[in-house]
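Participant: Have a look at this one.
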Amino acid sequence: MSDILKNPVHFASLVAHQIKGPVAAVSTILATLLGEFAGPLSAKQRELLQRALTQCEGSLLTAKRLLAISKSAQDPQAYVGKTDLAVIVRTVCAGYTNRVAENHLTLTTKIDAEPAWAVVESAAAAEVVEALLSNAVKYTPDNGKIEVLVLVDPLLHVCQVRVSDSGIGIPEHAIEKVFKPFYRTPDARSSARPGTGLGLAFVKAVVEGAQGRVAIEPSPFGGTTFVIEFRAADEQFAAVSEGKRPPKFVIVGGVAAGPKAAAKIDRLNPEADVTIVERGRLLSYAGCGLPYYVAGIVKNQSELMSSPVGVVRDAVFFQQVMNIHIMNQAEALAIDRVRKQVHVKSLLDGTQTVLDYDKLLLATGSYPVMPAIEGIGLKGIFTLHGVTDAEGIKAALEQSRAHDVVIVGGGLIGLEVTEALALRGCRVTIVEKLDQILRRVDLEIALLIEKHLESRGVRILTSTEVKRFIGDKRGMVSAVETSAGTFPANLCIISVGNRPTVALAEQAGLELGVTGAIKVNSRLQTSDEDIYAAGDCVESVDLVTGQPCWVPLGSTANKHGRVAAINICGGDDHFPPIIGTTVCRIFGCVIALTGLSETRARQAGFDAVSVLVPGPDQEHFVPGAGLLQLKIVVDRRTRRLLGAQAIGSGGDKRIDVAAAAITAGMTVDQIANLDLGYAPPFGPVIDNLNMAANVARNKLDGLLDSLNPLAVKQMLDEEREIIFLDVRSPAEYDHRRLGETVFIPLASLRSRYRELDRERLILAVCNYSLRAYEAALILKSRGFTNIKVLEGGLEMWPF
C-alpha cells in the first residue's frame, strides 16, 4: 500500500477504476428516473434528482480524467491516431451554441485549412477541445469573447488549435502550475465557479500522449490563449508538384525589423515561404512604448502589438493574414552557410529543427548591459528591455512594493521610465557615472534637462558610481550604495546602455564593424551576400562624419526591414547614412536632437560654432505659449548645419526640420529663409529654427560676440572679473537675476552707458539674449570693445 501512495496519480487512477462502474450505474438510474418517470415526481424531487445526477456526472468526469492522465503517464503514445481537427472543432463548438448564448458570449471559429489532419485520436482530440472550450466559457464574464482557431503550418508539419478568451487570465507565475493535477489558480478558487483542477492536467496528458505539446500565451482579448499542437498527418500534405518551388526566406528576430521585413516580403512575393524565429513569446511589439505601459497610459499588452486600426499583430495574424510561419519561444543556435541552413531550438521542449533558406535576415536586436556590481542578482532589479521586464516592474508597483526607485544610468530609457515611475507615486533617484545625463546632448543642454527633472522631484546624481546593491532577508533589493552615499531602493532599473546582439553572426563568421555591430553595405547585405542584417544589431554610417556608428532606434530598425525585404525579393534599394534623430517627452517637456553635438563635432575635426536660442513656441500672445530652447551646431568653414538640440514644446517639429536640413547639406544662410508654415498658434512669425540660423549667421559674420553659459561659469569659478549688465525691465529684474549685476534697463542705456567701466569685461544679460544683443550694439557704437552677450540668456542659464 505504501508503494501505491508514493504515486498520487497512480493511486487516484486505481480509485477512479473502482468508482467508475458504480457511479456510471447510479448516473444511468438517475437519468432513467428523470426521463421515463418524470411525470409523478414533484418539483422538489426532480430538483434533488437533477442535482444528484450532476454530481454523479462530475464524479464520472473526474474518474475519466484521472484514468486518462494515468494512461498517458504509462504509455507516451497512448493517444496517437489520426483525425481531422477542423471537423472536431466545428462539432464541439456547435455543441456550445446554447450555453454561449445564455452567457451572452461571442464564440468565433476560424479554420485556417480544411481538412486539418493531425496525429491524435478523434475521441481524445474532441475531449481536449471540449475541456478547453468549457474552461473558456466558465471563466469568461458575460459579454466576453472566445475564439477557436485551427492552423496548419506546412513548413513545420504541425496542426494547432488555439482557444483564446477575454476571461480572468492566468498569472505568469502560475502558468507552469496549472497543468498539475488538482491545482487551481487563486482567482479560480476565489470565484464562484466549481472545478476540480484536473481539466488542464487532463489536456496536457492527452496532448502529450499524442506526442504533441501544450502552451499558454496572452490572449488578444485580454485573457488567456491555450495552444495545443500535434504533428500533421501525412495525408495533410500532397506531394510537391514538379516545377520551381517558392523561395525560402528565414528571419531571425521578431520584434521590429524582422516583422517589418516579413510583411514587405509578403506584399512583394505572396508565394514566398517565410519563417520568423523569435526568442521571446511576443512578436512585433512597440518596445519604445514600454515606459507608457509601465505608467498605465497603455492599458493592455495587446495595444503595443496592434496596428493603428486595432489589429493585434500576433502569431495568428502573421500566419493567417500573411501566411508567415512563426517559431516564437525558439532560439537560432547556428547558421550553416555552406548548406544554407539555420539550426533552431525550441525553448519550450528543447526540440531542434533545421530550416533551409535561400536568403537569411538577421534582426537579432540588442541586449541590455548588466554591470558587474555586487548584488545585481537580487530580486527587484530590472532592465526595461522587453515586455517581461515591464510586467515585473508593473507587478512591483501594483503590489505597492516600490516606493523608492533607483535608476542606474541616465540614458534615454532611464529618463523615459522616470516619468512613468513618478506618475505611480515613486520617489526616483537617477545615478549616472558620467558628469551628465543623456550623453548625446551637450553639457549645458543636459543640465537644463536635469533642472527640469529636479523640479518634478527627481534626484539626479551625476559623477556618481554604484558600489553595490544591498538586499534584505527575502533576497529583495533594499538599498543602493554609491560613491555619494547609500539610498533606499525597493526597485532598481538598470539603464547603462545596450550592445548589439551579434553572437549568431559572429559564430557564422560574418564580418563585424568597428562598433561591434554587424557590418553591412547600403543594401544591408553582410559579408555573405545571401545573409542580410537589419535593426539594432547593425552598424550604420554617420551622414555628417562619414564614419561608422551604432545608434539603435526603432525608427531605423523599421526602415531597415523595408529595405532588406526589397533586396531579398530581388529589388535594388539602399539605406542611406543616418543622423540619429531622437525625440522623447518627459514630464510634458519635449527633448529632441539630431546630428552631431558640439562635443562630437569637435572630436570629428570640425571647427564647430554653436548658438543657444530660447523663445516662445507660439506667438507670445497665444494662451498656453511655452518656452522652446534650441541649440544648433554649425561648421565655421562651410556654414553647414551639423546638429541641433531642443528642449520644450514644439521641439519635435524644429528638430525634424533640422534633420531634413542636415540631410540636404543646407547652410544656415539657407535655413534662415526656409519657407516654414506660420500661424500664431503654431509658432512665431519668424520660426524658432529660422531665428537660430540667423543668430548663427550673426556669430559667424562677427556681428554677435557671445559667451556660452559653460564658459561664463568657468570664468566665475576662476574668479575672473565680469560686469553682468542686466538690461531688462525693473519687474523682470526684481523677479530673478544673476547675483551681483549692474542694472540699466535697455531704454536707459544710451543715457547711462558712462556708468560702465570700459576696461572690464561686460556681459550683457536679458531673458532671451535679444535685448542683450541690442545693448552690445549700443555699447560698441559708443566705443566699448570688451562687450559680450550671455548666450541663451537667463532662460537657458543652467546653473
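Participant: Among the residues of the stretch 449-470, which ones are at pLDDT below 95 and in a strand (DSSP E or B)?
Facilitator: Those that are at pLDDT below 95 and in a strand (DSSP E or B): none in the stretch 449-470.
Participant: Also, quick follow-up: Could you list, in sequence order, all residues of the stretch 771-792 that are closer than 17 Å to N708 by Cβ and either open to solvent by 80 Å² or more (accessible area, probe 1.4 Å) or touching a Cys at 6+ places or on another chain (Cβ under 6 Å) (or both)?
Facilitator: A772
Participant: Can I ask one more? Does P548 qualify as being open to solvent by 20 Å² or more (accessible area, probe 1.4 Å) and either at positive phi or in contact with a Gly (Cβ under 6 Å, 6 or more places away or on another chain) (or both)?
Facilitator: Spelling it out, P548 is indeed open to solvent by 20 Å² or more (accessible area, probe 1.4 Å) and either at positive phi or in contact with a Gly (Cβ under 6 Å, 6 or more places away or on another chain) (or both).
Participant: While we're looking at this one, here's another question. So F784 passes all but one of these: (1) of a type outside the set (S, T, N, Q); (2) out of contact with any strand residue (DSSP E or B) (no Cβ under 8 Å at 6 or more places or on another chain); (3) under 30 Å from D669 (Cα atoms). Which condition number does it fail?
Facilitator: Of (1) of a type outside the set (S, T, N, Q); (2) out of contact with any strand residue (DSSP E or B) (no Cβ under 8 Å at 6 or more places or on another chain); (3) under 30 Å from D669 (Cα atoms), only one is false for F784: (2).
Participant: Output the residue which, of all residues in the stretch 91-127 that are of a type in the set (D, E, K, R) and surrounded by fewer than 16 Cβ atoms within 10 Å (Cβ to Cβ), is nearest to the chain's Cα centre (by Cα).
Facilitator: Among those that are of a type in the set (D, E, K, R) and surrounded by fewer than 16 Cβ atoms within 10 Å (Cβ to Cβ), it is K110.
Every residue, every condition in (1) in contact with a Phe, Trp or Tyr (Cβ under 6 Å, 6 or more places away or on another chain); (2) modelled with pLDDT of 95 or more; (3) open to solvent by 20 Å² or more (accessible area, probe 1.4 Å); (4) not hydroxyl-bearing (S, T, Y), yes or no:
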site: L491; (1), (2), (3), (4): no, no, no, yes
site: G497; (1), (2), (3), (4): no, no, yes, yes
site: E511; (1), (2), (3), (4): no, yes, yes, yes
site: G516; (1), (2), (3), (4): no, yes, yes, yes
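Participant: Would you say A396 is in contact (Cβ under 8 Å) with a residue 60 or more places away in the chain, over 30 Å from Q507 (Cβ atoms) and crowded, with 22+ Cβ neighbours inside 10 Å?
Facilitator: No.
Participant: Do you know which residues across the stretch 710-730 are under 15 Å from S748 (Cβ atoms) and assigned to a helix (DSSP H, G or I)?
Facilitator: P730
Participant: Name the strands (runs of 3 or more DSSP E) wholly within the stretch 576-671 that hold at least 1 residues that are closer than 25 Å to F682 by Cα, open to solvent by 10 Å² or more (accessible area, probe 1.4 Å) and not β-branched (V, I, T)?
Facilitator: Once the strands (runs of 3 or more DSSP E) in the stretch 576-671 are filtered for at least 1 residues that are closer than 25 Å to F682 by Cα, open to solvent by 10 Å² or more (accessible area, probe 1.4 Å) and not β-branched (V, I, T), what remains is 582-586, 589-595, 608-616, 627-635.
Participant: To continue, here is another question. Among all residue pairs at least 6 apart or on different chains, which show Cβ distances below 8 Å where the first residue, located in the stretch 427-448, is in contact (Cβ under 8 Å) with a residue 24 or more places away in the chain and assigned to a helix (DSSP H, G or I) and the second is surrounded by 23 or more Cβ atoms within 10 Å (Cβ to Cβ) and of a type in the set (V, I, T)?
Facilitator: Note: pairs meeting the criteria are I445/I647; L448/I647.
Participant: Next question, about the same structure. Has the stretch 445-463 got any residue that is out of contact with any Leu (no Cβ under 7 Å at 6 or more places or on another chain), of a type in the set (D, E) and farther than 23 Å from F799 by Cβ?
Facilitator: No - not one qualifying residue is present in the stretch 445-463.
Participant: Right, F682: under 38 Å from the mean Cα position of the chain (by Cα), over 22 Å from S610 (Cα atoms) and surrounded by 15 or more Cβ atoms within 10 Å (Cβ to Cβ) or not?
Facilitator: Considered against the rule, which asks whether it is under 38 Å from the mean Cα position of the chain (by Cα), over 22 Å from S610 (Cα atoms) and surrounded by 15 or more Cβ atoms within 10 Å (Cβ to Cβ), F682 comes out as yes.
Participant: Between residues in the stretch 258-276 that are closer than 9 Å to N323 by Cβ and residues that are in a loop (DSSP other than H, G, I, E, B) and small (G, A, S), which pairs lie under 9 Å by C-beta distance while being six or more apart or on different chains?
Facilitator: Here the result reads D266/A272, each pair linking the stretch 258-276 to a residue that is in a loop (DSSP other than H, G, I, E, B) and small (G, A, S).
The values are calculated or read from the model by the stated rules, or taken from the named source; none is laboratory data. Just so it is clear, the structure is predicted and the values come from calculations on it, not from any experiment. Reconstructed Cβ throughout: ideal geometry from the backbone, glycine too, with neighbour counts over all protein chains shown. Protein only, heavy atoms only, side chains kept; ligands, DNA and RNA dropped before computing areas. Shrake-Rupley method; radii C 1.70, N 1.55, O 1.52, S 1.80 Å.
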